[in-house]
Amino acid sequence: ESGQCTVGTGAGSMWLLASPAATAAFLAPSATPSAAAAADASLRAAHGSAENSILNDLFRPVATELPPTPARLLFGALPADLPRGAVLKNGPNPQPEYTSEQGGWLDGDGMLHCVVLPVEGEAAYSRTWVRTEGFVKEREAKRRLFDGSLVAPRGLPLLWGLLMNGLRAAQPQKDTANTGLLPLGKGGRVLALMEQCLPAELRVETDGTVTTLAAGFDFDGQLKDLARHPFAGGALTAHMKVDAGTGERIG
């Protein structure tokens with residue numbers, strides 16, 4: 001459809017490099033305390049401040065959104081048979097004013113990074129926070145309303161945080177929609193997912209613009225379940241797998 005993208009999503013991986021001997025000693029079920037301590041020291045020695053800084057950069061939030069901006073290849077070229085459309089990445093990105101207050105990194109608001117590869121013309125990059133119910137409430141209140149809940153085990157403090165969230169925001173669990181993505185077919189529609197709450201529906205345009213169409217998307221009421229999900233009213237898995245034979249998504 002004109003003005004809309006075919007969406008593809010993927011997941012990334014991070015590898016920890018160490019010597020085979022250190023890895024084997026660390027993983028061996030019968031390792032003695034001294035062998036485990038030696039393996040731990042070896043793993044730590046393999047990663048100095050420079051390597052740790054690079055790893056930490058993967059988790060640093062960006063402070064601003066970015067409208068669609070021309071992107072260029074630094075080297076190489078796109079394969080001629082690479083399907084054109086949009087490549088999306090979803091992940092936690094706390095609002096900068098709340099990074100030290102809301103809890104763990106996984107409690108950060110979902111931010112969608114988008115690279116559009118058009119059939120003709122330049123590629124474009126954009127990044128946009130997902131406008132969930134919790135995100136909009138905090139923006140309107142101009143203050144933090146939610147305590148983080150993904151830093152377990154915290155026991156009673158975690159339950160207290162859920163209670164305070166309900167009192168401050170009329171919403172015990174913040175719907176960050178920061179974990180996964182689910183394309184909905186044509187029209188550039190995609191769901192931003194998390195495990196604890198209903199997903200948010202987004203639309204990706206051919207120029208890289210990403211718009212939140214609706215928070216709390218429930219497939220016409222099929223995900224609503226107040227009895228089993230008293231804190232969120234329903235939820236959908238954020239880690240789906242695709243059946244190679246049927247194409248069905250299973251979670």
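The values are calculated or read from the model by the stated rules, or taken from the named source; none is laboratory data. Quick caveat: nothing in here was measured; it's all calculated off a predicted structure. Don't worry about glycine lacking a Cβ; one is built from the backbone with ideal geometry, like all the others, and counts go over all protein chains shown. For accessibility, only protein heavy atoms count, side chains too; no ligands or nucleic acids. Shrake-Rupley method; radii C 1.70, N 1.55, O 1.52, S 1.80 Å.
Quick notes on this one:
- Restricting Thr176, Thr246, Thr237 to those that are over 18 Å from the mean Cα position of the chain (by Cα) and part of a loop (DSSP other than H, G, I, E, B) reduces the list to Thr246.
- Tabulated pairs, segment 202-226, first over 19 Å from Gly251 (Cβ atoms), second open to solvent by less than 40 Å² (accessible area, probe 1.4 Å) and among the acidic types (Asp, Glu), C-beta under 7 angstrom, 6+ apart or interchain: Leu213/Glu201; Ala214/Glu201; Ala215/Asp175
- Scanning segment 226-248 for residues that are at pLDDT below 70 and either touching a helix residue (DSSP H, G or I) at 6+ places or on another chain (Cβ under 9 Å) or not charged (D, E, K, R) (or both), we see that the one that is least open to solvent (accessible area, probe 1.4 Å) is Gly233.
- Enumeration of residues in segment 114-147 that are in contact with a helix residue (DSSP H, G or I) (Cβ under 9 Å, 6 or more places away or on another chain) and more than 20 Å from Leu202 (Cα to Cα): Ala141, Arg143, Arg144, Leu145, Phe146, Asp147
- Residue in segment 96-118 that is open to solvent by 50 Å² or more (accessible area, probe 1.4 Å), on the phi > 0 side of the Ramachandran plot and small (Gly, Ala, Ser) present: no
- The conditions of being closer than 30 Å to Lys186 by Cβ and modelled with pLDDT under 90 are not met by Gly91.
- Some residue of segment 142-165 being in contact with a His (Cβ under 8 Å, 6 or more places away or on another chain) and at pLDDT 90 or above: no
- Filtering segment 206-225 to residues that are farther than 19 Å from Gly134 by Cβ and open to solvent by less than 40 Å² (accessible area, probe 1.4 Å) leaves Gly208, Gly221.
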